[in-house]
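A.B. asks: First, the structure itself, so that you have it in front of you.
The values are calculated or read from the model by the stated rules, or taken from the named source; none is laboratory data. All figures in this text were calculated on a predicted structure; none of them were measured in a lab. For neighbour counting, all protein chains shown are included, and Cβ atoms are generated from backbone atoms with ideal geometry for every residue, glycine included. To get the accessible areas, we keep the full protein, side chains included, count just its heavy atoms, and leave off ligands, DNA and RNA. Shrake-Rupley method; radii C 1.70, N 1.55, O 1.52, S 1.80 Å.
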Amino acid sequence: MNLDQSKWGWWKDAVFYQIYPKSFRDTTGNGVGDLRGVIEGLDYLQQLGVDGIWLSPVCASPQVDNGYDISDYCSVDPMFGTMEDMEELIREAEKRGIALILDLVLNHSSDQHPWFREARKSRDNPYHDFYIWRDGDPHQRPNDVCSVFGGPAWTYVPELGQYYFHQFAPQQPDLNWENPKLRRALYDCILFWVNKGVKGFRLDVIDQIAKEPDRKITINGPQLHEFLRELSKEAFGDKSLVTVGEAWGADVDRARLYSAEDASELSMVFQFQHMGLDQEPWGPKWLYKPLYLPDLKRCYGQWQQGLHGRGWNSLFLNNHDLPRIVSRWGEPEKYRVESAKMLATMLYGMEGTPYIYQGEELGMTNIRLNIEEYVDLEIHNYYQEAVSNGTSHAEVMERIYARGRDNARTPMQWNGSDNGGFTTGKPWLPVNPNYTDINAADQVGDQDSVFSYYRQLIRLRKTYSIFREGCFTAVDEENENVFAYRRDTEWGHLLVVCNFTGKEIAFSIPWEFGTANRLIGNYKDMGTNLRPYEAYMLFYEERSKE
Ligand code: TEU
């Protein structure tokens, strides 16, 4: 069923699929995925039933941070193909009812962007003020603000006697949003893509654009929402565009602003509170918090109830910055299929727009590599920092296995042939050797596969409006083994029950669901107790509606 993508709010019934292009599909044999590979994958995505693709950055980039360091916003990096390939992708996706949305990295550019090359030439260069500079001498940084990737957030340029500010790598200088000329230049780049027919954008670290480094404010700066309203007015004039703001620092109140129904800012937020991160995601407390189900339920409860009728959220458990959730909250060795389906059931009963991260629909898992095989700069910086602080190699590797971003970046597992069918060459990052057991070719036609389960969940969300309209309430919130919740409207009721353990667990469903229909479940039928990782959804309508 195709959605009418010309209307505001169409994304509320949509499911998106995130493509990390380097790892999706290689058609040239150079070991790196490309746009033609994405075109080849469209039929697969149509079978899955998704309505949109979020494509991680494909613009020209030195690839210090896999494309999140852009050197030309209106281009396609030759590594991925040509502008003609991009135009074809937009057209071919549209033919299949799939909207293409691009990743906009507006907080920073590459240090190889012509703006920055100019900016660092002299203090009176017209582009100098596109970035953030502070006077100083080589031994005295303006302050002790640190980069998200480790090390100081200030880099000295001796020719200028000035430091520039960067919240990420030194090769990713922060843009100065206080400069109206910079803002205008960015809007022009966005309009370039709107005119090409893209249907929207994912906005990278958008909560970090309004920084005030002197006051050590790097997130949620005072001018943030003012900037977003101007951005929306000037660059997203067409309100049928879907705009998704990545915001690690969003709380419910702020999310209401981001996604207000008057369309003054964005369509929805993409926030991480459910992921159980420590306050300081980087540094000594590098690991995620262990899962404690009552806390997770409270977190979801706050977001689901807080935004119901007042804003819009994204639903996700995976992306290119997070380890694979089936390896973290599931049990990939013993119950991979059951636990992958259970986690999807937990998420897909909720209100919001789901995002599938490539390979999640197959139940792909984390990987363990030697340190020199990793590519991610965050992993390498962390390794250096932790080892030089005295942490043992073995201990650092365990943390990387649990948290490293390359876990989710291994190539897509298409089939059981060499390199999982991803490339005929040498993949830029090793393919997970489990591709012989976990791959798309085996799963597409198999009714019991994780792929088929996702396809069914997507269909259900389009068939029953309860998924959009129902009000969320956790059931038995203090239960540490089972995540159950209901979604209620005046006319119908949904119950979602998920056993988060590999054990059999007794659970009583609320009596009124006794004769409800099972919409979906990861076991053939319902037993008396919940079996390991068992999950299902029950639904009934009020009699008056029948
Ligand atoms: O991520 C934002 C971000 O803060 C992450 O770097 C996160 O803190 C970290 O990866 C946790 O391990 C976005 C992009 O999604 C990411 O890929 C980029 O590296 C980053 O911005 C810089 O553009």
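A.B. asks: Nearest 20 debye, what's the magnitude of the dipole of the chain about its Cα centre given +1 on Lys and Arg Cβ and -1 on Asp and Glu Cβ?
C.D. replies: 580 debye
A.B. asks: Be a star and scan the stretch 25-46 for residues whose amide nitrogen sits under 20 Å from the point 7 Å along the Cα-to-Cβ vector of R459.
C.D. replies: The answer is 43-46, whose backbone nitrogens lie closer than 20 Å to the label point.
A.B. asks: Rounded to the nearest 0.05, what FRET efficiency do T473 and I505 give with R0 = 30 Å and r taken as the Cβ-Cβ distance? Could you check?
C.D. replies: Once rounded, the FRET efficiency stands at 0.90.
A.B. asks: Could you give the length gained on full extension between L191 and R368, defined as 0.36 nm per residue of separation minus the Cα-Cα distance, in nm?
C.D. replies: Once the chain is fully extended between L191 and R368, it gains 59.6 nm.
A.B. asks: So which of K199/K233; K289/K462; K289/K503; K7/K233; K7/K196; K7/K462 end up more than 26 Å apart, counting from Cα to Cα?
C.D. replies: Those over the limit are K289/K462.
A.B. asks: I would also like to ask the following. Any idea which of C471, G301, L3 is furthest toward the positive side of the dipole for the chain, if Lys and Arg beta-carbons carry +1 and Asp and Glu beta-carbons -1?
C.D. replies: Checked the options; the winner is C471.
A.B. asks: Could you derive backbone 3J(HN,Hα) for the stretch 205-219 from the dihedral phi with the Karplus parameters 6.51, -1.76 and 1.60 (θ = phi - 60°), listing whole Hz in sequence and x where the residue is Gly or Pro?
C.D. replies: 5, 5, 6, 10, 6, 9, 7, 10, x, 5, 9, 6, 9, 10, 9
A.B. asks: Relative contact order of the chain, please, whole-number percent, based on alpha carbon pairs below 8 angstrom and at least 6 residues apart.
C.D. replies: Computed over the chain, the figure is 13 percent.
A.B. asks: Treating only the Cβ of Lys, Arg, Asp and Glu as charged (+1, +1, -1, -1), what charge dipole size does the stretch 456-498 show about its Cα centre? Round to the nearest 20 debye.
C.D. replies: Here the size comes out at about 480 debye.
A.B. asks: Another question, if that's okay. Largest first, what is the accessible-area ranking of Y68, Y156 with a 1.4 Å probe?
C.D. replies: Greatest to least solvent exposure: Y156, Y68.
A.B. asks: Another question, if that's okay. Placing one identical point scatterer on every Cα of the stretch 114-165 and ignoring solvent, what is log10 I(q)/I(0) from the Debye formula at q = 0.15, 0.30 Å⁻¹?
C.D. replies: -0.40, -1.14
A.B. asks: Which distance in Å, rounded to a whole number, links the C-alpha centroids of the stretch 486-508 and the stretch 293-320?
C.D. replies: What the calculation gives is 17 Å, centre to centre.
A.B. asks: How much mean residue ellipticity at 222 nm does the chain get from its helices, if each DSSP H run of length 4 or more adds -39500 (n - 2.57) and you divide by all residues, to the nearest 500 deg cm²/dmol?
C.D. replies: -8500 deg cm²/dmol
A.B. asks: Please give the peptides 111-122, 346-357 ranked by average Cβ packing (other Cβ atoms within 10 Å per residue), highest first, as a rough proxy for protection.
C.D. replies: 346-357, 111-122
A.B. asks: Roughly how many percent of the accessible protein surface of the stretch 398-531 is carbon and sulfur, given a 1.4 Å probe and a whole-percent answer?
C.D. replies: Summing carbon and sulfur atoms, their accessible area is 45 percent of the total for the stretch 398-531.
A.B. asks: Can you give me the accessible area per residue for the chain, using a 1.4 Å probe, in Å²?
C.D. replies: In whole numbers, the chain has 38 Å² accessible per residue.
A.B. asks: Please compute the Kirkwood hydrodynamic radius over the stretch 24-169, one decimal place, Å, based on all pairs of different Cα atoms.
C.D. replies: Hydrodynamic radius (Kirkwood, Cα only) of the stretch 24-169 equals 17.4 Å.
A.B. asks: Turning to a different aspect of this structure: By how many nm would the segment from D278 to Q140 grow when fully extended, if each residue of separation counts as 0.36 nm and the alpha-carbon distance is taken off?
C.D. replies: 46.7 nm
A.B. asks: Before anything else, pin down the relative contact order of the stretch 453-512: Cα pairs under 8 Å, at least 6 apart, normalised by residue count, whole percent.
C.D. replies: Rounded, it is 24 percent for the stretch 453-512.
A.B. asks: Right, something else. Determine which residues of the stretch 303-329 fall in the zone a paramagnetic label at N434 would reach in this model, i.e. backbone nitrogen under 12 Å from the point 7 Å along Cα→Cβ.
C.D. replies: It comes to 324-329, nothing else.
A.B. asks: May I pose another question? If packing is taken as the mean number of other Cβ atoms within 10 Å per residue, what is the order of 535-542, 175-182, 449-456, 476-483, highest first?
C.D. replies: Taking the mean over residues of other Cβ atoms within 10 Å, the ranking is 449-456, 535-542, 175-182, 476-483.
A.B. asks: Show log10 I(q)/I(0) for the stretch 381-478 at q = 0.16, 0.17 Å⁻¹, two decimals, from a solvent-free Debye sum over equal Cα scatterers.
C.D. replies: Each listed q corresponds, in turn, to -0.90, -0.91.
A.B. asks: What nm value, rounded to one decimal, do you get for the distance between Q46 and N529 when each label is placed 7 Å out toward the C-beta?
C.D. replies: The answer from the label model is 4.7 nm.
A.B. asks: For labels at T424 and D262 in the simple 7 Å Cα→Cβ model, what's the distance in nm?
C.D. replies: Output for this residue pair reads 5.8 nm.
A.B. asks: What part of the accessible area of the stretch 114-165, given as a whole %, is carbon or sulfur when the probe is 1.4 angstrom?
C.D. replies: Carbon and sulfur atoms account for 49 percent of the accessible area of the stretch 114-165.
A.B. asks: What full-extension length gain, to one decimal in nm, is calculated for E118 and N517 as 0.36 nm per residue of separation minus the Cα-Cα distance?
C.D. replies: Gain on extension, E118 to N517, equals 137.2 nm.
A.B. asks: Then there's this: As a test question: what accessible area, to the nearest 10 Å², does L293 have when a 1.4 Å probe is rolled over all protein chains in place?
C.D. replies: Its accessible surface works out to 10 Å², give or take rounding.
A.B. asks: Checking the cross-link filter: which aspartates and glutamates have an alpha carbon closer than 16 Å to that of K341, excluding same-chain neighbours under 8 positions apart?
C.D. replies: Here the aspartates and glutamates satisfying the reach criterion relative to K341 are E331, E333, E360, E361, D446, D448, D525, E534.
A.B. asks: Residues of the stretch 20-47 with the amide nitrogen closer than 15 Å to a label point 7 Å from the Cα of N2, along Cα-to-Cβ, please.
C.D. replies: Taking a point 7 Å out along Cα→Cβ of N2, the residues of the stretch 20-47 whose backbone N falls under 15 Å are 43, 46-47.
A.B. asks: Give the relative contact order (percent, whole number) for the stretch 470-541; include only Cα pairs under 8 Å separated by 6+ residues.
C.D. replies: Normalised by residue count, the contact order of the stretch 470-541 is 32 percent.
A.B. asks: Now a separate question. Once phi is turned into θ = phi - 60°, what whole-Hz ³J(HN,Hα) does the Karplus curve with 6.51, -1.76 and 1.60 give for every residue of the stretch 485-497, x standing for Gly and Pro?
C.D. replies: Using θ = phi - 60°, the values come out as 8, 10, 10, 10, 10, 5, 10, x, 9, 10, 10, 10, 10 Hz.
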